[in-house]
Amino acid sequence: MKMTKARKKYTCDNCQGAISKGEKYAKKSKRMGSSKPDTIEARSMDNGDRYPVIVSHGFSYAVQICEACV
């Protein structure tokens, strides 16, 4: 994993330790929910009109991991 220099204070996702400004850390993305991609569905209104709706099956977010946990 590529290490990045911290520009602000973070908390390690694995050990909950502090990552101080200037220390090296790794970034990793995690996904909550299903791993299926987003889909577009057509929904109908009461008057018969149809409109597109984007359905998100999950979302991704980034976490920081300290040098000791990598």
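Quick look at the values:
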item: Which numbered condition Ser56 fails, given (1) exposed (fewer than 10 other Cβ atoms within 10 Å of the Cβ); (2) polar (S, T, N, Q); (3) at pLDDT below 95; result: (1)
item: Answer residue from the range 23-46, given it is exposed (fewer than 10 other Cβ atoms within 10 Å of the Cβ) and closer than 17 Å to Phe59 by Cβ and is farthest from the chain's Cα centre (by Cα) among those; result: Ile40
item: Selection within the range 32-70 - more than 30 Å from Met3 (Cβ to Cβ) and touching an Asp or Glu at 6+ places or on another chain (Cβ under 8 Å); result: Pro52, Val53, Ile54, Val55, Ser56, His57
item: Checklist (1) at pLDDT below 95; (2) outside any strand (DSSP E or B) applied to Cys15, failing item; result: (1)
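The values are calculated or read from the model by the stated rules, or taken from the named source; none is laboratory data. Quantities reported herein were computed from a predicted structural model and do not represent experimental measurements. Don't worry about glycine lacking a Cβ; one is built from the backbone with ideal geometry, like all the others, and counts go over all protein chains shown.
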